[in-house]
Amino acid sequence: MAIPTFDHLPDIKLIACDLDGTLLNEFHAIHDEFWPLVHALHARGITFCPASGRQYHNLLECFKPIADELIFIAENGAYVMQGGRELSSECLPTEAVRELAGVTRALLAGGAEVGTVLCGKRSAYIEWDHPAFMAEVGKYYQRLRKVDDLMGWRMNSSRWRCTPSTPRSAWRRRPSCPSAIASRSWSRASTGWM
């Protein structure tokens, strides 16, 4: 891929790019053409910024060879890191986490196939370990820990995102959920798990 040349250099300082469906190929790997391009950007003083709903630790693994040169926007913008230093984080109120955990538990008790991922700075946490659910969330969470009770287990990290996940077959049976929960996360269920 040829890198364009300009008569004058545009005043670009940062380029952010999504991963899934954009930068990653069909095997969930970074295209080979990306590496020389990102090195050329860096040589021009332009910072590349992976921006994704993926966990920060997952992004670090994807970009391991150049991680120190990047700014990472992880967890759909809830966690921003550069050089191992936190630039920004937005945490969910504890009450919102309790509400989502309660909704998920009620759905499971009613026979629905649904799991919730509670994301924190050190790890992501789940209660439900259905094999298909684990296979799917394992793609996006480098650090994933099963706990007996999302609300009863004491985490020493901030909580900033909850993602309910369900197989496509449950989409037509979408339950009544708080709008903050249903809008983004449940829409993902229409294309498979999470």
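What full-extension length gain, to one decimal in nm, is calculated for C91 and E33 as 0.36 nm per residue of separation minus the Cα-Cα distance?
17.3 nm
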When the scattering of region 1-140 is computed by the Debye formula from its Cα atoms alone, each counted once and equally, what is log10 I(q)/I(0) at q = 0.16, 0.19, 0.20 Å⁻¹?
-0.93, -1.17, -1.25
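For K13 and T47 in the same chain, what is the full-extension length gain: residue separation times 0.36 nm, less their Cα-Cα distance, in nm?
Values: separation 34, 0.36 × 34 = 12.24 nm, distance 0.61 nm.
Gain on extension, K13 to T47, equals 11.6 nm.
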Cut-off 16 Å, label point 7 angstrom out along Cα-to-Cβ of R143: give me the residues of region 79-93 whose amide nitrogen falls inside.
79-90
Near K146, which lysines are there with a Cα under 25 Å away, not counting those fewer than 8 places off in the same chain?
K121
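Values in this text are rule-based calculations from the coordinates and carry no lab data. If you're wondering where the values come from, they're calculated on a predicted model, not measured in any experiment. Don't worry about glycine lacking a Cβ; one is built from the backbone with ideal geometry, like all the others, and counts go over all protein chains shown.
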